[in-house]
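The values are calculated or read from the model by the stated rules, or taken from the named source; none is laboratory data. Predicted, not measured: the structure shown is a model, and the values here were computed from it. Here the Cβ positions follow ideal geometry from the backbone for every residue, glycine too, while neighbour counts run over all protein chains shown. Keep in mind that these areas ignore ligands, DNA and RNA; they rest on the heavy atoms of the full protein, side chains included. Shrake-Rupley method; radii C 1.70, N 1.55, O 1.52, S 1.80 Å.
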Amino acid sequence: MNRLFLRIKICIKDITACICYLVSAVVVLCLLLGLDSVSEERSAVPIGLINDDLSSESERLRESIMNNDAFYVYEGSRELLNEKLLEGYINSIVIIKEDYGLRIRKGNTDEIVEIISGEDNKVSVVVGDIIAGSMLYDVCAEKGYRLYLKQEGNAGLSRDEYQKYILKTADRPDFQFGFELEYRDANDGKIDETSVTNGMIYKQMIAGMFAMLLSLIAFVSCNGICLEYEAGTRRRLKNLPNSKLLMNTADFFGIYLYTLPLGLAGGYLLAGLKGMTIAAIYLLLLCAVCLLLSNLLKKTDAYQLAGAVLIIALGVCGFVSVFSGLVGGSDFLNYTPNALFIENFIK
């Protein structure tokens, strides 16, 4: 127990480790409270919107686009939005043309909305489909009114009266229709709702960065073991009547307890009590690996090189596993520590 507390003291007195710890804590706080809070919003497709028409129809379309969760909308001048498009800040520019409402009322729907995007931008096709869906009500209502006027013996309602009539009719049960979607999990068990959201990729990336920061803390905390080997302290300790296994066990738990507060705090912010458990298990593994590495190499330079390579390799495997799951790839990466860390946080 004395050795365990002494190891914690040594970690606290290690200026490099403490600076790394504090900087990482600030970075984690900024990541979790910053990126995570806007991940849903910023994961939507960023588009520019220009409304050159002042009709009620164009305003309805504008409101529909603004309120659509699939879009993050910028409004501004053509010059500003063109600049954002060329710099890659937005995906497309949607322009509601000047005579949009008038042409809708005349039944002419050709080229009433313009979408500007890059030549190879395939997402703009989806953007166009969503916007076309937002236009359907006004287009169908106007065409319905024109068909109504052609019917023999109609009541002669004006356009405004017809609009009020169809709104009232829409509430009648025999005119209502809809689609019922049923979600199931991978084992074909029915679930009430899905937790998959537009911000899932953002959350995976945040979890991946958090894992790398935890591995960095564990790596730096074990650096002192190599310094003790180089200074001959470890050899002198071997002469004391203590088991080598007990010495390393005390060192391990000392380092683990030193790194644990950051893991628990970040894990709680990310995923509550389950997040704390996942972070604690991940740190347990990383501290064990870093301690083993320092005892095997015994040289600071060799340990730092090997540790840096290990951290980068684990981080890359974690991030690649996110995208391999999207595009289809090898399942091997999904079993690396960082990939499992990310997967369990998302669950």
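For this structure, a couple of remarks:
- Some residue of the range 66-84 being open to solvent by 80 Å² or more (accessible area, probe 1.4 Å), part of a helix (DSSP H, G or I), assigned by TED's automatic domain parsing to the domain that holds ILE50 and of a type in the set (A, V, I, L, M, F, W, C): no
- Residue satisfying condition, being touching a Lys or Arg at 6+ places or on another chain (Cβ under 9 Å), over 18 Å from ALA44 (Cα atoms), open to solvent by 60 Å² or more (accessible area, probe 1.4 Å) and part of a helix (DSSP H, G or I), within set TYR145, TYR137: TYR137
- Some residue of the range 19-35 being more than 27 Å from the chain's Cα centre (by Cα) and at pLDDT 75 or above: yes
- Considering the range 223-325, the qualifying helices (runs of 4 or more DSSP H), each wholly inside and each with 1 or more residues that are buried (at least 17 other Cβ atoms within 10 Å of the Cβ) and modelled with pLDDT of 80 or more, run over 223-231, 244-297.
- Selection within the range 51-75 - over 20 Å from SER124 (Cα atoms) and out of contact with any Phe, Trp or Tyr (no Cβ under 9 Å at 6 or more places or on another chain): LEU54, SER56, GLU59
- For the range 96-129, the set of residues classified as in a helix (DSSP H, G or I), among the β-branched types (Val, Ile, Thr) and surrounded by 16 or more Cβ atoms within 10 Å (Cβ to Cβ) consists of ILE104, VAL127, listed by residue number.
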